[in-house]
Amino acid sequence: MGMLVFPSSSTFLLPHLLVFALFITAKALLKIPENQTMPAVIVFGDSIVDAGNNNVIQTIIKCNFLPYGRDFDGGVPTGRFCNGKIPSDLIAEELGIKDTVPAYLDPTLKPQDLITGVTFASGGTGYDPLTSKLASVIPLGEQLNYFKEYIAKLKDVVGEEQTNFILAKSMILVVAGSDDIANTYFVLRARKLQYDIPAYTDLMVNSAAEFLKELYGLGARRIGVFSTPPIGCVPSQRTLAGGIERECAEDYNVAATLFNNKLISVLDSFRTSMPDGRFVYIDVYNPLLDLIENPQKSGFEVANKGCCGTGNIEVSVLCNQLSPSTCTDVDKYIFWDSYHPTEKAYRVLVTPVFQKIMNEFF
């Protein structure tokens, strides 16, 4: 296969139909209205949607080694914090855009990959600027700078008019907040003296609001924002804060719920102040909690431990080839490591969650 090369000219326009016909696949499970189009999936946020950006920066928050990626195409660890595909991949796949959403900093990224979207996400980041600093990862502000660079590159590939069309019509996803609550606030206690939970969730939501306004200012119009999950129920937080029985850490979930309610209010206000924007709240809190509380309903057996190692605490560098007794049947597990779901769990969640909200993007 030769590399597809486009003329480098801001006046060069790739016809709309060609852009989409090149990449549409037969497996579009998520339906969009007949007279509409969604050319790309462009992603910001944390480890849930990092496809390998952390591989190329100086941080210990990495996963570009086995057993990560053991069920990815070819069994290759790519820097996705999962055994296989992550939500951004599944959404692009189910929209019929492409099979995976590559990391923007991937050294093998080709110019044509830009047309259908990339992820700028960095595992360990958050809305609170302190969160990325503590983990030495890419803050959301820096992800925005990369986005500006991406826009300039896209103009070289398809021209200004086509670039504006792609920015306005694509699905832009933002996934953050769980590292702020779990790591910065509770585990590291880096904000605890300064803020109570209501004040800290205010800080988070104000930062989220500024970020979303900047995205809008750069031309993004269809913006989906993930809620924070029931972070107190992920295996590592059960181990650290769930007592001897490893129950869900309720104070973590209370903080997540408070943030989510504030986020809903902000997105509602944006619908008035930026009426040509589509700001969509994507509730993952309730579907994931339901999955954890009723695992057998979807064919899972283990909800309180990850597949990797003991399943209680291993994540990132602690989940490696030397980890003891990594599970053989990953499909029985909701969680891959002590923090991130398995590809199967993501598949169970993504389709129904997005089918319910697709129309809100149009």
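General observations
- Whole-angstrom gap from segment 56-89 to segment 236-271, using each part's C-alpha centre: 26
- Here the simple spin-label model places points 7 Å from the Cα toward Cβ, and for Ile244 and Thr257 these points are separated by 2.7 nm.
- For segment 39-168, lysine pairs with C-alpha atoms less than 18 angstrom apart, excluding pairs fewer than eight positions apart on the same chain, total 7.
- Phe226 contributes an accessible area of around 20 Å² to the protein surface, as traced by a 1.4 Å probe with all chains present.
- Per the Debye calculation on the chain with a single equal scatterer at every Cα and no solvent contribution, log₁₀ I(q)/I(0) for q = 0.06, 0.09, 0.14 Å⁻¹ amounts to -0.20, -0.47, -1.18.
- Look at the alpha carbon pairs under 8 Å that are at least 6 residues apart: their mean separation over the length of segment 252-345 gives a relative contact order of 21 percent.
- Chain lengthening between Asp196 and Leu218 when straightened (0.36 nm per residue, less Cα-Cα): 4.6 nm
- Segment 193-319: projected area of the alpha-carbon convex hull, averaged over directions, in nm²: 10.2
- Close Lys pairs in segment 219-362, defined as Cα atoms under 27 Å apart and 8 or more places apart or on different chains, number 10.
The values are calculated or read from the model by the stated rules, or taken from the named source; none is laboratory data. Note that this is a predicted model, so its numbers are computed, not measured. As a convention, Cβ positions derive from the backbone with ideal geometry for all residues, glycine included, and neighbour counts pool all protein chains shown. The accessibility values were calculated without ligands, DNA or RNA, using every heavy atom of the protein model including side chains. Shrake-Rupley method; radii C 1.70, N 1.55, O 1.52, S 1.80 Å.
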